[in-house]
Amino acid sequence: MSTRTVLSSEDIDRAITRIAHQIIEANHGTSNLVLLGIPTRGVVLANRIARAIANNYPDFDPSNSVGRLDITMYRDDLDRKPTRAVTETELPAKGITDQTLVLVDDVLFSGRTIRAALDALTEYGRPRAVKLAVLIDRGHRELPIRADFVGKNLPSSRDERINVQLTESDAENQVVIES
Amino acid sequence: MKHLISAADLSLDEILSILDTAEEMSVVNDRDVKKLPTLRGKTVVNLFFEDSTRTRISFEVAAKRLSADVINFSAKGSSVSKGESLKDTAQTLEAMGAQALIVRHHASGAAHNLANSGWISSHIINAGDGKHEHPTQALLDAFTMRKRIHGSHSRGKSLDGLKVLIVGDVLHSRVARSNLLLLRSLGAEVRLAAPATLLPANPNFLGASYYLGLDDAIDEFHPDVVMMLRVQLERMSASFFPTAREYSRGWGLSAERLARLSENAIVMHPGPMNRGLEISSEAADSAQSTVLEQVANGISVRMSVLYHLMSGETRE
């Protein structure tokens, strides 16, 4: 098995800063913005993006704009994998109705996770718009879903494994590809 | 996990996983839309050979909130009264598409038999078998204790060091047995208090120490949790105590005994309660009582159990 680093720690920081700017640009500012991370690493990334936004826009309050959305119970492959642990869902106190909501995940692959996330969202409210931010888009979509904000497009083979490591949940801060 | 037959089958990790998932289910139960698509298209049968209100309805609500289809079967008014056997009944239900059977039966071991006989391949959940076990009751009791102690920080916590006193009809109680096994796995210290006639033949039942007086138990053990058991008159073929009044005097949780418990101690009862026999209305309706919380938590815990059994790879 060979391992290759595709994003270094600095690359990740730059991608997050860029995504933060792109989100603000698309939203015409920070008003009515909610970031929801999909566990595990999407939550880490959502918090990092929120910090990057707050650095430039002091009126943006991450504590009332960032949350996490567990999508386990909405997956369509529950019969194909071992039983998954269910984790907490936490939404900002202002809710998601009429907000511009940005879903954040680490890797966009088949699109099925995002499909499940969209289903889960309908239980919590009606956002004005839902956008998708991912650190890595590796292709191989199985559903008509695309990301609005992408850290890096990484065309890959299905046999390869993309491993996102972030210091909040892992030892390193990098993205490696294993084949 | 394929079946849930006994609380002894569960490892600490499995118990914590079920209780933690139940925390998420209880959040769903507080939402406006109390429904998840998780078990859509699956069929669950409530196979009840004994009367039940809360367990059957609780399982029915739990399965429906996970979008499963639920069929209720009660032995009364079915072909069982024409003499159909447990095996034939179960095979018939499975032939109609049931993927999980929730079984309550008056015979100890009925659920175990269905799970291990090779008659059927459905998931089996033991919802009470004779005097043997009632594992989901123990899970919901543990969940309720954890919630009272740790509140919204319950996730991942065990019950280390918690002192639990189980009082009353231990001899006939599947709730007592399942709780003893489960609570011990969670690190709690469990003791029994019962009249000698209502203790099992070997009074060191599953290694738990016991008291022959409720007052001694309260004063010496200082329990954090007092779990009152229902006096199961329907299972009593002989007289185990002289009169109901005498039982109530010696073993009932009266207002006076309630006042002697520590301020934070909680009072549990699996229901249905015999008010005035094993528990006074003062105790049952006090702020320390968790009776209704236990019922509400039962739905969350049973949703979690159904999720753990019915999702995940089917190994066949």
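Nothing in this text is a laboratory measurement; each read-out follows from the coordinates by a stated rule. Remember, it's a predicted structure, so these values are computed and weren't measured experimentally. Cβ coordinates were reconstructed from backbone atoms using ideal geometry, including for glycine residues, and neighbour counts include every protein chain displayed.
Report the convex hull volume per residue for the stretch B:30-188, counting only C-alpha atoms, in Å³. It would help to have the intermediate numbers written out before the result.
Working: hull volume 22.3 nm³, N = 159.
Dividing the Cα hull volume of the stretch B:30-188 by its residues yields 140 Å³.
Backbone amide hydrogens, once placed in the peptide plane, bring B:I125 within less than 5 Å of B:L4, B:L101, B:I102, B:V103, excluding anything fewer than 5 places away on its chain.
Short to long, the 5 Å bins of the Cα pair-distance histogram for the stretch A:89-163 hold 3, 15, 25, 23, 15, 10, 6, 2, 0 percent of all pairs. Taking one quarter of the surface of the C-alpha convex hull of the protein assembly as shown gives a mean projected area of 27.2 nm². Over the residues of chain B, the helix contribution to mean residue ellipticity at 222 nm works out to -11500 deg cm²/dmol, using -39500 (n - 2.57) for each DSSP H run of at least 4. Taking packing as the residue-averaged number of other Cβ atoms within 10 angstrom, the listed peptides B:125-138, B:262-275, A:124-137 run from highest to lowest as B:125-138, A:124-137, B:262-275.
Starting from 0.36 nm per residue, how many nanometres of slack lie between A:D170 and A:M1 once their C-alpha separation is accounted for?
On the way: separation 169, 0.36 × 169 = 60.84 nm, distance 2.04 nm.
Extending this stretch completely gives an extra 58.8 nm.
For the stretch B:231-316, the orientation-averaged shadow of the C-alpha convex hull comes to 8.9 nm² (one quarter of the hull surface).
Taking amide H as placed 1.01 Å from N in the peptide plane, the amide H of A:G37 sits under 5 Å from that of A:G67, A:R68, A:L69, A:V104, each at least 5 places away or on another chain. Applying the Kirkwood pairwise sum to the alpha-carbon positions of the stretch A:20-102 produces a hydrodynamic radius of 13.7 angstrom. For the stretch B:135-291, the Kirkwood radius over C-alpha pairs fed into Stokes-Einstein at 20 °C and 1.002 mPa s yields D = 138 µm² per second.
I need B:T55, A:T3 ordered by Cβ neighbour count within 10 Å, fewest first. Kindly include the intermediate steps, with their values, before the conclusion.
Working: B:T55 23, A:T3 10.
The most exposed by this proxy come first: A:T3, B:T55.
Close amide-amide hydrogen proximity is noted between A:V6 and A:V175, A:V176, A:I177, each under 5 Å apart and 5 or more residues distant or on a separate chain (H modeled in the peptide plane; Pro and chain starts excluded). Applying the Karplus relation 6.51 cos²θ - 1.76 cosθ + 1.60 with θ = phi - 60° to the stretch B:185-199 yields 3J(HN,Hα) values of 4, 8, x, 7, 9, 10, 10, 10, 9, 7, x, 4, 6, 10, 9 Hz, where x marks Gly and Pro.
A simple rule links phi to the HN-Hα coupling: the Karplus curve 6.51 cos²θ - 1.76 cosθ + 1.60 with θ = phi - 60°, which for the stretch A:133-139 gives 10, 9, 6, 10, 10, 9, x Hz, with x for Gly and Pro.
From the alpha carbon gyration tensor of chain B, can you work out the equivalent ellipsoid semi-axes (sqrt of 5 times each eigenvalue) and give them in Å, largest to smallest? If you can, show how the numbers build up before the last one.
Details: eigenvalues 207, 108, 57 Å².
Semi-axis lengths for chain B are 32, 23, 17 Å.
With contacts taken as Cα pairs under 8 Å at a separation of at least 6 residues, the stretch B:135-291 carries a relative contact order of 23 percent.
Counting only other chain Cβ atoms within 10 Å of each residue's Cβ, the peptide A:73-86 averages 6. Arranged from fewest to most other beta-carbon atoms within 10 Å of their beta carbon, B:R40, A:R138 become B:R40, A:R138.
Overall shape of chain A was characterised from the C-alpha gyration tensor. The equivalent ellipsoid obtained from it has semi-axes of 25, 21, 14 Å, in decreasing order. Mean silhouette area of the stretch B:1-115, derived from the convex hull of its C-alpha atoms and averaged over all directions, reads 8.0 nm².
Going highest first, how would you order B:213-226, B:13-26 by mean Cβ packing within 10 Å?
Working: B:213-226: 18.3, B:13-26: 21.2.
Those peptides, ordered most packed to least, come out B:13-26, B:213-226.
Put in order of Cβ neighbour count within 10 Å, fewest first, the listed residues A:Y74, B:Y211, B:Y307 become B:Y211, A:Y74, B:Y307.
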